[in-house]
1. Treat each spin label as a single point 7 Å out from the Cα along the C-beta direction, and report the Trp48 to Val28 distance in nm.
2. Once you order the gyration tensor axes a ≥ b ≥ c over the Cα atoms, which shape class does the chain get: rounded for a/c under 1.5, otherwise prolate or oblate by comparing a/b with b/c?
3. Could you give the accessible area per residue of region 9-64, probe 1.4 Å, as a whole number in Å²?
4. Going Cα to Cα from Lys59, which aspartates and glutamates come in below 12 Å? Please leave out same-chain ones fewer than 8 positions away.
5. For region 32-48, in order, what is each residue's ³J(HN,Hα) by Karplus, 6.51 cos²θ - 1.76 cosθ + 1.60 with θ = phi - 60°, in whole Hz (x at glycine and Pro)?
6. What size of dipole, in debye to the nearest 20, comes out for the chain about its Cα centre when the only charges are +1 on Lys and Arg C-beta atoms and -1 on Asp and Glu C-beta atoms?
7. Carbon and sulfur together cover what percent of the accessible area of the chain at a 1.4 Å probe radius?
8. Would you compute, from DSSP H runs of 4+ residues alone, the mean residue ellipticity of the chain at 222 nm, taking -39500 (n - 2.57) per run and dividing by the full residue count, rounded to the nearest 500?
Amino acid sequence: MSALIEKMAKGELGLMVSMKGGPHFIPVLRTAGFDCARADMMHSGIDWRELDYFVKSAKSCGMQ
């Protein structure tokens, strides 16, 4: 189960970040305490292929 869902189930607040960088930042953000990351595809150069890397990286770190 993801960190965000676990916190929401307990009634706690989760911490989310909107990203324009690459998926290699996901593990760093998880270590920093973020529970969720959203890839900003509208205002950045992130395409569908890079989004796939975001999702795989986030799932491997327990993020949503």
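1. If labels sit at Trp48 and Val28, their model points lie 2.9 nm apart.
2. In terms of gyration-tensor shape, prolate.
3. 69
4. Counting by Cα, and skipping residues close in sequence, Lys59 has these aspartates and glutamates nearby: Asp35.
5. Along region 32-48, the couplings run 6, x, 6, 9, 8, 10, 10, 7, 7, 8, 7, 10, 9, x, 6, 10, 5 Hz.
6. 100
7. About 61 percent, which is the carbon plus sulfur part of the accessible surface.
8. When only DSSP H runs of four or more count, the value is -12000 deg cm²/dmol.
The values are calculated or read from the model by the stated rules, or taken from the named source; none is laboratory data. No experiment lies behind these values; they were computed from the predicted model shown. Methodologically, a virtual Cβ is constructed for each residue, glycine included, from the backbone with ideal geometry; neighbour enumeration extends over all protein chains shown. In case anyone asks, the SASA skips ligands and DNA or RNA and just uses the protein heavy atoms, side chains included. Shrake-Rupley method; radii C 1.70, N 1.55, O 1.52, S 1.80 Å.
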